[in-house]
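Asker: I have a structure here, written as structure tokens, and I will follow up with some questions on it.
What follows is calculated from the coordinates using simple rules that are stated; it is not laboratory data. A quick note: this is a predicted structure, and the numbers were derived from the prediction, not measured. Cβ atoms come from the backbone with ideal geometry, glycine included; neighbour counts cover every protein chain shown.
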Amino acid sequence: MKTKTRKYPQFSPCGLNCGLCPRYYTKGNSRCPGCAGAGFDAVHPPCGILSCSLRKGLEYCFLCDEFPCKKYDGADQTDSFITHKNQFRDIEKAKQMGIAAYEDELNLKIKMLEELLENYDDGRRKGLFCIAVNLLELKDVSFVMKQIKEETTSLAELKEKAKVAARLFEARAAELGIELRLRKKAKG
């Protein structure tokens, strides 16, 4: 069964910020178009949460009377390509702000991530930048972006700019008690 496409695939029904995922920025056949974006079925395994939300005609799971259901048990405990750490926080935020306001905020974060990837990624920082922009609040990402621009204006080498950007994001995250790493599923 083919999945229908969603109006805003950058934010999934389950609360993941797909527009901040490294696979969203991958070039080539393994690029993910976001949750139920055009071509999603070709690069993503079937998802029970997405199938359920589409079957119920709900754009987001938090609109369901049964949310959170058993499909969410342990959902925020491990990560895939994208961090799940703030999955429930982001769902709550979208619920409180309203989905249009949340999409506006996410679009700003996406723009900043795209700027990072275009101007500060030396080929080794995409994952770090995606996690940092995803986990930090918009005000913190904006703060770090300003610092990056100030500290890299005199640098010509991309490798040096990338080091500065990574250092500044890691420092801000440490100040906030946020670990910028994906959590792998325990083996066994």
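Asker: Give me TYR72, TYR120 ranked fewest to most by other Cβ atoms within 10 Å of their Cβ, as a rough exposure proxy.
Answerer: Fewest-to-most Cβ neighbours within 10 Å comes out as TYR72, TYR120.
Asker: Once you order the gyration tensor axes a ≥ b ≥ c over the Cα atoms, which shape class does region 88-188 get: rounded for a/c under 1.5, otherwise prolate or oblate by comparing a/b with b/c?
Answerer: Oblate is the answer for region 88-188, as a/c is 1.5 or above yet b/c matches or exceeds a/b.
Asker: If you line up the long axis of helix 99-119 against the longest principal axis of the chain, both from Cα atoms, how many degrees apart are they, to the nearest 10?
Answerer: 40
Asker: Straight-line reach from LYS93: which lysines have a Cα under 18 Å away, not including same-chain ones fewer than 8 places off?
Answerer: Candidates past the 8-residue exclusion: LYS85, LYS109, LYS139.
Asker: If we count other beta carbons within 10 Å of each Cβ, what is the order of LYS70, LYS185, LYS56, fewest first?
Answerer: LYS70, LYS185, LYS56
Asker: Which residue fluctuates the most in the chain, going by a Gaussian network model with Cα springs under 10 Å, if the choices are MET97, MET145, MET112?
Answerer: Checking each option, the largest mean-square fluctuation is seen for MET97.
Asker: Add -39500 (n - 2.57) for each DSSP H run of 4 or more in the chain, then divide by its residues: what number comes out at 222 nm, to the nearest 500 deg cm²/dmol?
Answerer: Rounded to the nearest 500, it is -15000 deg cm²/dmol.
Asker: If the only charges are +1 at each Lys and Arg Cβ and -1 at each Asp and Glu Cβ, what is the size of the charge dipole of region 21-124 around the Cα centre, to the nearest 20 debye?
Answerer: 280
Asker: Now for a different question. Sort CYS64, CYS130 so that the residue with the fewest other Cβ atoms within 10 Å of its own Cβ comes first and the one with the most comes last.
Answerer: Sorted ascending by nearby Cβ count, the order is CYS64, CYS130.
Asker: Something else: Round to the nearest 0.05 the FRET efficiency obtained for TYR72 and LYS4 when R0 = 22 Å and r is the Cβ-Cβ distance.
Answerer: For R0 = 22 Å, the calculated efficiency reads 0.50.
Asker: Still on this structure: Give the aspartates and glutamates whose C-alpha is closer than 16 Å to that of LYS7, dropping any in the same chain fewer than 8 places away, or say none.
Answerer: Once the sequence-local aspartates and glutamates are set aside, what remains near LYS7 is ASP41, GLU59, GLU103, ASP104.
Asker: Using the Cα centre as the reference, give the magnitude of the dipole from point charges on the C-beta atoms of the chain (Lys, Arg: +1; Asp, Glu: -1; all else neutral), rounded to the nearest 20 debye.
Answerer: With only Lys, Arg, Asp and Glu charged at Cβ, the dipole is about 680 debye.
Asker: Something else: What residue among CYS130, LEU168, CYS52 has its Cα farthest toward the positive end of the dipole of the chain, where the charges are +1 on Lys, Arg and -1 on Asp, Glu, each on the Cβ?
Answerer: CYS52
Asker: What does the net charge come to around ILE148 if you take all other residues with beta carbon closer than 13 Å to its beta carbon, with K and R at +1 and D and E at -1?
Answerer: -1
Asker: Of TYR72, ASN29, MET145, which is farthest on the positive side of the dipole of region 18-176, counting Cα position, with +1 on Lys and Arg Cβ, -1 on Asp and Glu Cβ, and the Cα centre as origin?
Answerer: Value computed over the given set: ASN29.
Asker: Moving to a separate point now. Among the listed pairs LYS159/LYS184; LYS4/LYS159; LYS95/LYS161; LYS95/LYS184, which are separated by more than 32 Å between their Cα atoms?
Answerer: Beyond 32 Å between Cα atoms: LYS4/LYS159; LYS95/LYS161.
Asker: Based on alpha-carbon centroids, what's the gap between region 84-116 and region 54-69 in Å, whole number please?
Answerer: Between the Cα centres of region 84-116 and region 54-69 lies a distance of 18 Å.
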